[in-house]
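Student: Sharing a structure here in structure tokens format.
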Amino acid sequence: MTVTPKKTAQVSRRSFLRKGALGAGVTAAGGLAAPAVLAQSPIVVKLQTSWPASDIWQEMAQAYADRVEAMSGGRLKVDVLPAGAVVAAFQVMDAVSDGLIDMAHSVPVYWYGKNKAASLFGTGPVFGGSADTMLGWFYAGGGEEFYAELMETMGLDVVGLLGFPMPAQPFGWFKNEVTGVSDIKGLKYRTVGLAADLMQSMGMSVAQLPGGEIVPAMERGVIDAFEFNNPTSDSRFGAQDVAKNYYLSSYHQASESFEFLFSKSFLEGLDPDLQAILRHSVEAASTANSAQALDQYSRDLQKLSESGVTVRRTPQEILAAQLDAWDALIPELEQDDFMKRVLDSQREWVERVTYYTLMNSPDYQLAYEHYYPGKLAL
């Protein structure tokens, strides 16, 4: 595990100005009363995402901001900025820690370059659990404590919370039909995090690119195939214009959630009730985001199918090969003590929780085919 030297926690300029304003208000209260307009001024929380302004995830970040503002009665105002407004998409972790922004809306895999353990908080090995399973591990199985330990070890002034368990990510977009492992060997493929290690071990040449760079890279021949995340995001940046074969279901990133990053100095400088609102709004937004995703992702998948895109499930041969590739990669990851402890914790959680989930779940596919026969593209 890469360890970054411990840094002194930095307070953002916004946090400094906010505290200064509050101090001035207290001083004024000791003599003349402060103007009412100052007492009513909201605390502005500067939040940058890792998404283009047009992406549905920018809307999901705004859903978080709307809930914070409503629950705080206007005492907090969240200024939601797209990727690049302050820093690049992959740089939000450092920007939060350094106080350039107060918050970020991203995914852990985007700071994988700082530490591979980032991927274990969303895009690690799939032991049988879904994103819902792993979000449960984060909050009830010890994941949040492991995350805090990693931030401490890396010397980052950051508090991170996970929200919105994402549907499993598609294997992605290909110019030609893919029927087995031999068809993907040698392809230049875009993915991120440990999925890059995984797919590279399966014979692909991998480039890690932010979402906004994918289609231009495809057009220039820098990559031959790619995955991003979902039918809505993919179609909004024009995936269907550069490839027509879309493969759903994959084990490369099947348990990811959003990451809400807070400047620890900024967060802890707020009144306890405002801290609670910022924290618990993650849970509220998670529910809203899940509902929006179910609605919009399904609508846009239908539109893609109707517009000439061939939608298929990833062949079983490739899925089986992905699991074999994870089996080979895990021992390498476990050479790091921290990652070994995280993986042990996740395996223990998934074994118990997914046993219950699978035993308790009826066969939804059977019911679907009963009422909508012949619809599934299997």
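The values are calculated or read from the model by the stated rules, or taken from the named source; none is laboratory data. Not measured: the values here are computed from a predicted model. Cβ placement follows ideal geometry from the backbone for every residue including glycine, while neighbour counts extend to all protein chains displayed. All accessible areas refer to the heavy atoms of the entire protein, side chains included, with ligands and DNA or RNA removed. Shrake-Rupley method; radii C 1.70, N 1.55, O 1.52, S 1.80 Å.
Student: Over the chain, what percent of the accessible surface lies on carbon and sulfur atoms, probe 1.4 Å?
Tutor: It is 55 percent, rounded to a whole number.
Student: Which value, in Å² rounded to 10, gives the accessible area of GLU332 with a 1.4 Å probe and all protein chains present?
Tutor: Accessible area of GLU332: about 120 Å².
Student: Using a 1.4 angstrom probe with every protein chain in place, what is the largest-first accessible-area order of THR287, THR310, THR123?
Tutor: Descending accessible area places them as THR287, THR310, THR123.
Student: If the viscosity is 0.692 mPa s and the temperature 37 °C, what Stokes-Einstein diffusion coefficient in µm²/s follows for region 86-233 when Rh is the Kirkwood radius over Cα pairs?
Tutor: Value of D from the Cα-based Kirkwood radius: 197 µm²/s.
Student: As an exercise, find the ratio Rg/Rh for region 273-333 from alpha-carbon atoms, using the Kirkwood inverse-distance average for Rh.
Tutor: Radius of gyration relative to Kirkwood radius: 1.23.
Student: When the Cα centres of region 45-121 and region 237-295 are compared, how far apart do they sit, in Å?
Tutor: 9 Å
Student: Dipole size in debye (nearest 20) for the chain around its Cα centre, Lys and Arg Cβ +1, Asp and Glu Cβ -1?
Tutor: 900 debye
Student: Another question, then. Quick one: order LYS46, LYS185 from most to least accessible surface, probe 1.4 Å.
Tutor: The most accessible residue leads, giving LYS185, LYS46.
Student: A further question on this structure: Need one number: nm distance between label points at ALA328 and ALA70, each 7 Å from Cα along Cα→Cβ, rounded to one decimal.
Tutor: With each label placed 7 Å out from Cα toward Cβ, I get 5.0 nm.
Student: I'd like the Karplus ³J(HN,Hα) series for region 306-313: coefficients 6.51, -1.76, 1.60, θ = phi - 60°, whole numbers in Hz, and an x wherever there's a Gly or Pro.
Tutor: Result, ordered by residue: 6, 9, x, 7, 8, 9, 9, 7 Hz.
Student: What number do you get for region 298-378 when its Cα radius of gyration is normalised by 2.2 N^0.38 Å, N = residues?
Tutor: 1.58
Student: May I pose another question? Find, to one decimal place in angstroms, the Kirkwood hydrodynamic radius of region 76-166, where the mean of 1/r is taken over every pair of different Cα atoms and then inverted.
Tutor: 14.1 Å
Student: Which whole-Hz ³J(HN,Hα) couplings does region 209-220 yield from phi under the Karplus relation 6.51 cos²θ - 1.76 cosθ + 1.60, θ = phi - 60°, glycine and proline marked x?
Tutor: 10, x, x, x, 9, 5, 4, x, 5, 5, 5, 7
Student: Using only the Cα atoms of region 214-274, what do you get for the radius of gyration and for Dmax, in Å?
Tutor: Looking at region 214-274, its Cα Rg and Dmax stand at 18.3, 52 Å.
Student: Moving on to the next point. Would you calculate, for the chain, the mean residue ellipticity at 222 nm contributed by helices, counting each DSSP H stretch of 4 or more residues as -39,500 (n - 2.57) and dividing by all residues, to the nearest 500?
Tutor: For the chain, the value works out to -15000 deg cm²/dmol.
Student: Compute the angle between helix 13-30 and the longest alpha-carbon principal axis of the chain, please, reported from 0 to 90 degrees and rounded to the nearest 10.
Tutor: Orientation of helix 13-30: about 30 degrees from the principal axis.
Student: For the chain, what size does the Cα cloud have along each of its three principal axes, sorted from largest down, in whole Å?
Tutor: Dimensions of the chain along the principal axes of its Cα atoms: 78, 48, 46 Å.
Student: May I ask you to rank LEU162, LEU301 by accessible area, largest first, using a 1.4 Å probe over the protein chains only?
Tutor: Greatest to least solvent exposure: LEU301, LEU162.
Student: Taking amide hydrogens as modeled 1.01 Å from N in the peptide plane, which residues meet the under 5 Å criterion relative to ALA207, leaving out close sequence neighbours?
Tutor: Hits under the 5 Å cutoff: TYR189, ARG190, THR191.
Student: Now a separate question. So how tilted is helix 316-333 from the main axis of the chain? Cα-based, degrees 0 to 90, rounded to 10.
Tutor: The two axes meet at around 50 degrees.
Student: Please compute the per residue accessible area over region 337-378 with all protein chains in place, 1.4 Å probe, rounded to a whole number of Å².
Tutor: 81 Å²
Student: With respect to the cross-link table entries LYS116/LYS188; LYS46/LYS116; LYS185/LYS340; LYS264/LYS340; LYS116/LYS340, which display a Cα-Cα separation exceeding 18 Å?
Tutor: Cα-Cα > 18 Å for LYS116/LYS188; LYS46/LYS116; LYS185/LYS340; LYS264/LYS340; rest within.
Student: Same structure again: How large is the accessible surface of THR232 in square angstrom, using a 1.4 angstrom probe and rounding to the nearest 10?
Tutor: Counting only protein heavy atoms, THR232 exposes about 0 Å² to solvent.
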